[in-house]
Every structure is written in structure tokens, then in C-alpha cells.
Amino acid sequence: MLFVLTLAVRLRVRLKNAIQKAGLGSDYSVDDVLFTYSKAYAVERESGTVDYEVPAKLENLDSDLKLHIFPILRS
């Protein structure tokens, strides 16, 4: 349990630093960013393909934070 808590704190600090570095500290808190990221999801189809749903606001935030968590989803 101590490992999980340490990992969570480290991730929150890194996210906070990314927010500050992007100049978004007045607009977003760590909890706001995590909530925004929670709106993305993947759907696996019967054919075996995976479709991703990433809102435009989240794509913009990910780009601003320079985290690049999502792969290139559109061709």
C-alpha cells in the first residue's frame, strides 16, 4: 500500500509541474485534469477493431500539457 501511495503522490506532483510549465495553473487543478482525462475511452468492436473516443477539449489539453498520452487516432 505504501508503494501505491508513493506512486500516486509522484504522479500528482509531475502532473502539477506539467500544468504549471504549460501556464495553465490558474485554469486547471490536478483534479480537473484527471477528471478531463477520465472522459476518454476505448470501445472494442465485434470485428476486433478498437475505436477511441477522445473529446476535442481533451485533445487540446493533452497537446497544451505536452503529455501526448493518446496515440494518433485519426488518419
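The values are calculated or read from the model by the stated rules, or taken from the named source; none is laboratory data. Computed from a predicted structure; not experimentally measured. Neighbour counts run over all protein chains shown; Cβ positions are idealised from the backbone, glycine included. Ligands, DNA and RNA are stripped out before the accessible areas are found, and what is left, the full protein with its side chains, is counted by its heavy atoms. Shrake-Rupley method; radii C 1.70, N 1.55, O 1.52, S 1.80 Å.
A few notes on this one:
- Boolean, residue 16 is farther than 18 Å from residue 57 by Cβ, among the basic types (Lys, Arg) and open to solvent by 100 Å² or more (accessible area, probe 1.4 Å): no
- Residue that is most open to solvent (accessible area, probe 1.4 Å) [pool: residues in the range 19-75 that are hydroxyl-bearing (Ser, Thr, Tyr) and under 23 Å from residue 8 (Cβ atoms)]: 41
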